[in-house]
1. Among the strands (runs of 3 or more DSSP E) contained in the chain, which hold 1 or more residues that are of a type in the set (Lys, Arg)?
2. Identify, please: which residue in the range 18-36 is over 12 Å from the mean Cα position of the chain (by Cα) and closer than 18 Å to residue 4 by Cβ and is, among those, least open to solvent (accessible area, probe 1.4 Å)?
3. Only residues in the range 3-26 that are farther than 20 Å from residue 47 by Cα count as the first member; pair them with residues that are of a type in the set (Ser, Thr, Tyr), Cβ under 9 angstrom, at least 6 apart or cross-chain, and list the lot.
4. Looking for whichever is of a type in the set (A, V, I, L, M) and touching a helix residue (DSSP H, G or I) at 6+ places or on another chain (Cβ under 8 Å) here; the options are 16, 6, 45, 29. Which one fits?
5. Only residues that are touching a Ser or Thr at 6+ places or on another chain (Cβ under 8 Å), at pLDDT below 95 and among the small types (Gly, Ala, Ser): list them for the range 1-50, please.
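The values are calculated or read from the model by the stated rules, or taken from the named source; none is laboratory data. In this text, all values refer to a predicted model and were calculated from it rather than measured experimentally. Neighbour counts run over all protein chains shown; Cβ positions are idealised from the backbone, glycine included. Side chains are part of the model used for accessible areas, which takes the heavy atoms of the whole protein and leaves out ligands, DNA and RNA. Shrake-Rupley method; radii C 1.70, N 1.55, O 1.52, S 1.80 Å.
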Amino acid sequence: MKKILVLNLGSTSSKVAVFSDYDMLFEDVIRHNVDQTNLPLIDQVPFRLESIKKSLEQHRLYKL
(Lines give C-alpha, C1' and ligand atoms only; values in the text may rest on other atoms or scores of the structure.)
Protein backbone atom coordinates (compact mmCIF):
# COMPACT_ATOMS: atom_id res chain seq x y z
CA MET A 1 0.00 0.00 0.00
CA LYS A 2 1.49 3.34 -1.06
CA LYS A 3 1.05 6.40 1.10
CA ILE A 4 1.04 10.06 0.10
CA LEU A 5 2.51 12.65 2.46
CA VAL A 6 1.00 16.13 2.10
CA LEU A 7 2.67 19.15 3.71
CA ASN A 8 1.34 22.70 3.95
CA LEU A 9 4.06 24.88 5.47
CA GLY A 10 2.43 28.08 6.65
CA SER A 11 3.94 31.12 8.27
CA THR A 12 3.41 29.90 11.86
CA SER A 13 2.39 26.25 11.46
CA SER A 14 2.99 23.09 9.48
CA LYS A 15 -0.01 21.05 8.40
CA VAL A 16 0.65 17.38 7.75
CA ALA A 17 -1.61 14.74 6.26
CA VAL A 18 -1.09 11.18 5.07
CA PHE A 19 -3.35 9.54 2.51
CA SER A 20 -3.71 6.03 1.21
CA ASP A 21 -5.38 6.40 -2.16
CA TYR A 22 -8.32 8.70 -1.38
CA ASP A 23 -8.50 7.82 2.31
CA MET A 24 -6.93 10.20 4.82
CA LEU A 25 -5.05 8.18 7.44
CA PHE A 26 -4.37 11.19 9.65
CA GLU A 27 -3.86 14.93 9.71
CA ASP A 28 -2.07 17.19 12.15
CA VAL A 29 -1.47 20.90 12.63
CA ILE A 30 1.88 21.67 14.26
CA ARG A 31 2.14 25.18 15.70
CA HIS A 32 5.61 26.71 15.83
CA ASN A 33 7.14 29.29 18.15
CA VAL A 34 6.96 32.79 16.63
CA ASP A 35 10.67 33.33 17.34
CA GLN A 36 11.47 30.32 15.16
CA THR A 37 9.12 31.30 12.34
CA ASN A 38 10.70 34.76 12.12
CA LEU A 39 13.90 33.09 10.93
CA PRO A 40 14.65 32.85 7.20
CA LEU A 41 12.86 29.87 5.65
CA ILE A 42 16.07 27.89 5.09
CA ASP A 43 16.85 28.17 8.83
CA GLN A 44 13.40 26.79 9.69
CA VAL A 45 13.97 23.50 7.88
CA PRO A 46 15.63 21.59 10.78
CA PHE A 47 12.96 22.28 13.43
CA ARG A 48 10.04 21.91 11.01
CA LEU A 49 11.42 18.60 9.72
CA GLU A 50 11.91 17.31 13.26
CA SER A 51 8.35 18.34 14.22
CA ILE A 52 6.92 16.55 11.19
CA LYS A 53 8.95 13.40 11.90
CA LYS A 54 7.72 13.36 15.51
CA SER A 55 4.11 13.74 14.39
CA LEU A 56 4.47 10.88 11.91
CA GLU A 57 6.15 8.73 14.54
CA GLN A 58 3.30 9.36 17.00
CA HIS A 59 0.91 8.04 14.37
CA ARG A 60 3.22 5.08 13.69
CA LEU A 61 3.93 6.17 10.14
CA TYR A 62 7.61 6.92 10.63
CA LYS A 63 10.30 5.51 12.88
CA LEU A 64 13.02 7.86 14.14
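1. In the chain, 13-20, 23-31 are the strands (runs of 3 or more DSSP E) which contain 1 or more residues that are of a type in the set (Lys, Arg).
2. Only one residue tops the list, namely 20.
3. Sorted first by the residue in the range 3-26, then by its partner, the pairs are 3/20; 4/20; 26/55.
4. Within the list 16, 6, 45, 29, the selection yields 16.
5. 11
Conditions (1) under 12 Å from the mean Cα position of the chain (by Cα); (2) among the hydrophobic types (A, V, I, L, M, F, W, C), marked per residue:
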site	(1), (2)
15	yes, no
38	no, no
42	no, yes
48	yes, no
